[in-house]
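The values are calculated or read from the model by the stated rules, or taken from the named source; none is laboratory data. Quick caveat, the model's predicted, so the values are computed rather than measured. Positions of Cβ are backbone-derived with ideal geometry, glycine not excepted, and every protein chain shown enters the neighbour counts.
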Amino acid sequence: MRRIAVAVLVLGCAAMSAREIGDAGEPHVVVIGVDGLSIDGVVAAGGPALRGLMARGAWTMEARGVMPTLSSPNWMSMIAAAGPEQHGITSNGYLKRMQEIEPACRDEAGGFPNIFGALRAQRPSSRIAIFHDWPGFAKLVEPGVPDAIEHQAGPERTAQAAIAYWKQYRPELLFIHLDNVDHAGHRSGWSSREYYQAVVVADRQIGAILDMLREAGALDSTFVLVTSDHGGKGRHHGKNSLAEIRIPWILAGPGVAPGKIETAVFTYDTGATLAWILELQPPACWIGRPVVAAFQPALVAMRAFQSTGNSGCLTAGARPVPAPVATPAPPLADLRGDNREGAQ
């Protein structure tokens with residue numbers, strides 16, 4: 001009888017997950033990285049796109065990047081599911097070498113393993129595309145791994161190029177980097193009027209990407225993740241304040257549990273979460289962990305059963321009734337807290 005009960009429980013978890021995920025075939029993921037987007041930027045100037053994603057997705061305004069709070073170390077930590085201590089990138093390469101220490105391990109292409117290389121190695125037929133507003137992003141990715149990697153000047157051109165590519169090819173992994181918010185922070189200061197206006201512009205481009213997915217009938221079956229590399233303090237970043245290291249992390253898609261994520265999230269967990277979504281084996285030298293609290297317990301249980309063969313919902317730490325892994329989103333104004341610390 002016990003075996004029958006366990007089998008029924010496992011089948012019930014799988015059935016719940018199938019309904020939540022839908023029969024969409026291979027997962028498709030769109031990552032939108034907004035350079036320099038602070039928590040205060042989301043709270044004070046987040047528009048309908050960011051608010052809409054938070055309303056139907058899992059989110060936290062307390063995710064953290066790595067130190068130093070510079071772009072290259074943080075974007076690399078995000079896509080490589082590891083910190084500077086592992087991948088070795090400690091600067092943007094302007095005043096000193098970008099990679100100051102030897103990587104802890106290397107992939108077949110000779111670089112520290114990242115999500116793009118892992119997807120290419122484990123699922124060679126997958127289509128991977130990167131559109132970046134900041135030229136420096138291309139230095140973090142091995143040549144030949146993405147099917148397309150393209151620099152565009154400005155958020156509108158970057159988003160439109162990515163939209164055109166998605167419409168033609170529907171890549172399994174699309175990474176879009178927007179840089180205007182960071183530029184505004186350096187010019188006028190984080191929390192300045194110009195900075196907030198730049199957030200509005202970025203929100204508009206995020207909205208255009210979501211509209212494209214909606215019009216294609218793919219919004220509900222596509223994972224969309226919006227996050228940042230760092231915030232800022234005054235007109236700069238690179239130091240150790242919470243205003244610089246704290247970043248937003250917002251994920252929507254099939255099987256995602258809407259509401260605030262109640263567990264700690266670090267930027268290097270992003271790459272691990274993408275690998276979990278894409279059902280990839282993470283490289284051994286990654287330190288990031290998938291943010292499973294962002295997903296419905298039934299989906300987490302099903303994945304645990306598939307990978308370990310354990311006894312389903314209960315042994316995976318979930319319950320037949322979805323566990324409270326997230327809480328409903330409060331109004332954005334309630335999220336401000338002390339996130340403006342040091343912003344002036």
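Checking the structure you have, find out if any residue of segment 167-186 is within 30 Å of A121 (Cβ to Cβ), in contact with an Asp or Glu (Cβ under 9 Å, 6 or more places away or on another chain), crowded, with 21+ Cβ neighbours inside 10 Å and among the small types (G, A, S). No - not one qualifying residue is present in segment 167-186. When A202 is tested against (1) surrounded by fewer than 24 Cβ atoms within 10 Å (Cβ to Cβ); (2) not in a loop (DSSP other than H, G, I, E, B), just one condition goes unmet, and that condition is (1).
Yes/no matrix, rows are residues, columns are (1) within 26 Å of M54 (Cα to Cα); (2) modelled with pLDDT under 95; (3) of a type in the set (D, E, K, R); (4) in a loop (DSSP other than H, G, I, E, B):
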| position | (1), (2), (3), (4) |
| --- | --- |
| P124 | no, no, no, yes |
| I130 | yes, no, no, no |
| G144 | no, yes, no, yes |
| E156 | yes, no, yes, no |
| Q160 | yes, no, no, no |
| A184 | yes, no, no, no |
| S191 | yes, yes, no, yes |
| E194 | yes, no, yes, no |
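Within segment 269-285, residues that are more than 13 Å from L173 (Cα to Cα) have Cβ atoms under 6 Å from residues that are among the charged types (D, E, K, R) and surrounded by fewer than 22 Cβ atoms within 10 Å (Cβ to Cβ) in these pairs: D269/R289; A272/R289, counting only partners at least 6 apart in sequence or on another chain.
Within segment 253-279, being buried (at least 20 other Cβ atoms within 10 Å of the Cβ) and of a type in the set (D, E, K, R) holds for one residue alone: D269.
Within the bounds of segment 208-223, is there any residue that is of a type in the set (F, W, Y) and touching a helix residue (DSSP H, G or I) at 6+ places or on another chain (Cβ under 8 Å)? There is at least one residue in segment 208-223 that is of a type in the set (F, W, Y) and touching a helix residue (DSSP H, G or I) at 6+ places or on another chain (Cβ under 8 Å).
Within segment 102-122, the set of residues being assigned to a loop (DSSP other than H, G, I, E, B), closer than 18 Å to Y268 by Cα and either of a type outside the set (G, A, S) or touching a Lys or Arg at 6+ places or on another chain (Cβ under 6 Å) (or both) comprises P103, C105, R106, D107, F112, P113, N114. All of (1) under 19 Å from the mean Cα position of the chain (by Cα); (2) free of Cβ contacts under 8 Å to residues at least 12 places away in the same chain hold for R97 with one exception: (1). Can you tell me which residue in segment 121-150 is surrounded by the fewest Cβ atoms within 10 Å (Cβ to Cβ), limited to those that are without any contact (Cβ under 8 Å) to a residue 24 or more places away in the chain, under 20 Å from the mean Cα position of the chain (by Cα) and over 15 Å from V30 (Cβ atoms)? If we take residues in segment 121-150 being without any contact (Cβ under 8 Å) to a residue 24 or more places away in the chain, under 20 Å from the mean Cα position of the chain (by Cα) and over 15 Å from V30 (Cβ atoms), then P135 is surrounded by the fewest Cβ atoms within 10 Å (Cβ to Cβ). Condition first: in a helix (DSSP H, G or I) and either buried (at least 23 other Cβ atoms within 10 Å of the Cβ) or without any contact (Cβ under 8 Å) to a residue 60 or more places away in the chain (or both). Can you find one or more residues in segment 28-35 that meet it? The answer is no, given that none of the residues of segment 28-35 is in a helix (DSSP H, G or I) and either buried (at least 23 other Cβ atoms within 10 Å of the Cβ) or without any contact (Cβ under 8 Å) to a residue 60 or more places away in the chain (or both). For segment 280-289, the count of residues that are farther than 28 Å from S241 by Cβ, at pLDDT 95 or above, surrounded by 15 or more Cβ atoms within 10 Å (Cβ to Cβ) and touching a Leu at 6+ places or on another chain (Cβ under 9 Å) is at least one.
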